[in-house]
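Enquirer: What follows is a structure written as structure tokens; I'll ask about it next.
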Amino acid sequence: MMSSFMTARQLGYLSCSVCHLLCSNCPESGAEERRRCPRCGARLHSRKPDSITRTWALLLAAALFYVPANALPMTTVTALGKAQSDTILSGVIYFIQTGSWPIAVVIFVASVLVPLLKLLILACLLISVQRRSRFRPRDRTRLYLLTEAVGRWSMLDVFVVTILVGMVKLGTLATIEVGPAALFFAAVVVLTMGAAMSFDPRLIWDAGEEIHD
Amino acid sequence: MCRRCGCELVRYQSKDLQRPLALACAGAVLFALFNAFPFLALKKAGLVHQTHLITGIYFLSQQGAHSLAALVALTVLLVPAAHLFALLYVLIPATFNRTLPGMFRVFRWVRTLQPWHMLEIFMLAVLVSLVKLAKLAEIVPGPAVYCLAAFIVVTAAANAGLDPHAVWALWKDPR
């Protein structure tokens, strides 16, 4: 089934990653790093430069930040002189106990499950590409597209903290302060978004192609 | 359909640019409104605490979380504003079949900024905080909440109805 068609790369073309203009890939048109799309000015490359190294770097940094993001308190509520710190998980447990099941599920999925799955999926994809795996490339591409699309929703908890901090300012009655976890958590989201963007899904297909060449 | 990964490559979309332009103009008006009007108010024991959309960002930076405040400001205010005005800069000449200097470069930014435009996530965060605070005090949503909701609908419709190829196709190869 493979190679019943030619890829643009085999024919000496490359497509702009932003506007999809097909540009010729002849070596005379300059070094690959310096070439830009004539239409939209985006950098042209047949594969994203240092994709695997960059993605690993961002991914490891995100995995490192994931620990304090979950262990440290997200918010500290001071009500009538009593202070109470909440982590992400204790917030979820609070919602379960007060009976707000749907909200608990939304927060758990957006801020615990999605970042964790994203870290695992990207790590698996990177390893499979590095080992030149030919295992179900179509499903691996789908998995990648899914992680890329879903990742931004993890910002939910950061925004909730922002709104709470702005809202609850009742003099001496009650205040809410940001905890140290919020910044770590935001860093996890931004870093995993960067990792997903720097990964090049075309690498998944390269392993199958080389055997045919 | 891509023969390899099964992704959709081309979809028939209307090449009409007037509808996205109209929606983007409405978006610009709504953007000004939800920033100007009061956002949420908290009532408890006779005290009323009125907030605007930027209040949370302001308090974040007052509590020393400057980088977090900057990130939130970027994803809910600056990027959406930049995205909207860049879109208008592209769509206004494009509806008249004209081109402006740097228009395609600007449109590239419109396309690449998209994932950092997080107002719809912010709206979900508003709902979550409402549930969270409902037991603590009475919450009064201000006009800005409705403007924000309308803004999200309008910009989503503008982006969904806009066929990027209708804009890219205006480009003529200088060679």
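Enquirer: Going by Cα centres, the stretch A:35-52 and the stretch A:118-150 are how many Å apart?
Expert: Each part reduced to its Cα centre gives a spacing of 22 Å.
Enquirer: With +1 on the Cβ of every Lys and Arg and -1 on the Cβ of every Asp and Glu, and nothing else charged, how large is the dipole of the stretch A:55-209 about its Cα centre, in debye rounded to the nearest 20?
Expert: Details: 12 positive and 8 negative charges, 88 e Å.
The dipole magnitude comes to about 420 debye.
Enquirer: In whole Å, what are the extents of the protein assembly as shown along the principal axes defined by its C-alpha atoms, from largest to smallest?
Expert: That works out to 73, 52, 33 Å along the principal axes.
Enquirer: Any idea what diffusion coefficient the stretch B:27-175 gets from Stokes-Einstein, in µm²/s, Kirkwood Rh on alpha carbon pairs, 4 °C, 1.567 mPa s?
Expert: Diffusion coefficient, whole number: 75 µm²/s.
Enquirer: Go through the stretch B:138-152 residue by residue and turn each phi into a ³J(HN,Hα) via Karplus (6.51, -1.76, 1.60, θ = phi - 60°); whole Hz please, and just put x for glycine and proline.
Expert: 8, 10, 10, x, x, x, 4, 4, 5, 5, 5, 4, 5, 4, 5
Enquirer: Strictly over 29 Å apart at the Cα level, which of A:Lys82/B:Lys44; A:Lys48/A:Lys118; A:Lys82/A:Lys118; A:Lys82/B:Lys43 would you flag in this model? List each step's numbers first, then the result.
Expert: On the way: A:Lys82/B:Lys44 18 Å; A:Lys48/A:Lys118 20 Å; A:Lys82/A:Lys118 37 Å; A:Lys82/B:Lys43 21 Å.
Result: A:Lys82/A:Lys118 exceed 29 Å.
Enquirer: Shielding of B:114-125 by partners, i.e. mean partner chain Cβ atoms within 10 Å per residue?
Expert: Partner Cβ neighbours, averaged per residue: 5.
Enquirer: Shifting gears a bit: Say each of A:Ala71 and B:Leu127 gets a label point 7 Å from the Cα, pointing the same way as Cα to Cβ; how far apart are those two points in nm?
Expert: Between A:Ala71 and B:Leu127, the simple spin-label model gives 3.4 nm.
Enquirer: Now for a different question. Compare the peptides B:36-49, B:77-90 by average per-residue count of other Cβ atoms within 10 angstrom and give them in order, highest first.
Expert: Sorting B:36-49, B:77-90 by mean packing, highest first, produces B:77-90, B:36-49.
Enquirer: For an R0 of 51 angstrom, estimate the FRET efficiency from the Cβ-Cβ distance between B:Ala45 and A:Thr7 and round to the nearest 0.05.
Expert: After rounding to 0.05, the efficiency reads 0.15.
Enquirer: Any idea which of B:Met103, B:Val48, B:Phe34 is furthest toward the positive side of the dipole for the protein assembly as shown, if Lys and Arg beta-carbons carry +1 and Asp and Glu beta-carbons -1?
Expert: B:Met103
Enquirer: From the backbone phi of the stretch A:139-147, what are the Karplus-calculated ³J(HN,Hα) couplings (6.51 cos²θ - 1.76 cosθ + 1.60, θ = phi - 60°) in whole Hz, Gly and Pro given as x?
Expert: Those phi angles translate into 5, 5, 5, 4, 4, 5, 4, 5, 4 Hz.
Enquirer: Suppose the chain between A:Ala83 and A:Arg43 were pulled fully straight at 0.36 nm per residue; how much longer would it get relative to their current alpha carbon spacing? Let's see the in-between values first.
Expert: Numbers: separation 40, 0.36 × 40 = 14.40 nm, distance 5.15 nm.
Contour length minus Cα-Cα distance gives 9.3 nm.
Enquirer: For the ranges B:91-100, A:152-161, what's the packing order if you count other beta-carbon atoms within 10 Å of each residue, average per peptide, and put the highest first? Don't skip to the end; give the middle numbers.
Expert: Numbers: B:91-100: 14.8, A:152-161: 24.4.
Ranking, from highest mean packing down: A:152-161, B:91-100.
Enquirer: Over the whole of B:1-8, what's the average partner chain Cβ count within 10 Å per residue? Rounded to a whole number, please.
Expert: Taking the mean over all residues of the peptide, I get 5.
Enquirer: Residues of B:131-137, mean number of Cβ from any other protein chain within 10 Å of their own Cβ, rounded to a whole number?
Expert: 6
Enquirer: Here's another thing I want to ask about it. For A:Ile93 and A:Arg36, calculate 0.36 nm times their separation in residues minus their Cα-Cα distance, and state this gained length in nm to one decimal.
Expert: Values: separation 57, 0.36 × 57 = 20.52 nm, distance 5.08 nm.
My answer for the length gained is 15.4 nm.
Enquirer: Could you work out the helix-only [θ] at 222 nm for chain B, with each DSSP H run of four or more residues adding -39,500 (n - 2.57) and the total divided by the number of residues, to the nearest 500 deg cm²/dmol?
Expert: Rounded to the nearest 500, the figure is -18500 deg cm²/dmol.
Enquirer: OK, next. For chain A, what is the mean residue ellipticity at 222 nm derived from helices alone (per DSSP H run of n ≥ 4: -39500 (n - 2.57); sum divided by total residues; nearest 500 deg cm²/dmol)?
Expert: Roughly -17000 deg cm²/dmol at 222 nm, from the helical runs in chain A.
Enquirer: Roughly how large, in nm² to one decimal, is the mean projection of the convex hull of the alpha-carbon atoms in the stretch A:37-78?
Expert: Over all viewing directions, the stretch A:37-78 projects a mean Cα-hull area of 5.6 nm².
Enquirer: Taking chain A as a Gaussian network, where each spring joins two C-alpha atoms under 10 Å apart, which residue of A:Phe135, A:Phe185, A:Phe199 fluctuates the most?
Expert: A:Phe135
Enquirer: While we're here: Which residues among the stretch B:79-106 fall inside the zone where the amide N is under 18 Å from a point 7 Å beyond the Cα of B:Ala22, along Cα→Cβ?
Expert: So the set is B:88, B:91-97.
Enquirer: Ok, one more. Under the Karplus relation 6.51 cos²θ - 1.76 cosθ + 1.60, θ = phi - 60°, what is the ordered set of whole-Hz ³J(HN,Hα) values for the stretch B:75-82, x standing for Gly and Pro?
Expert: After applying 6.51 cos²θ - 1.76 cosθ + 1.60, I find 7, 10, 10, 5, 5, x, 5, 4 Hz.
Enquirer: Further question: Any idea what the dipole of the protein assembly as shown comes to, in debye rounded to 20, about its Cα centre with Lys/Arg Cβ at +1 and Asp/Glu Cβ at -1?
Expert: Computed about the Cα centre, the dipole is about 620 debye.
Each reported figure results from applying straightforward, stated rules to the coordinates on display, with no laboratory input. Note that this is a predicted model, so its numbers are computed, not measured. Quick reminder, even Gly has a Cβ in these numbers, built from the backbone with ideal geometry, and neighbours come from all protein chains shown.
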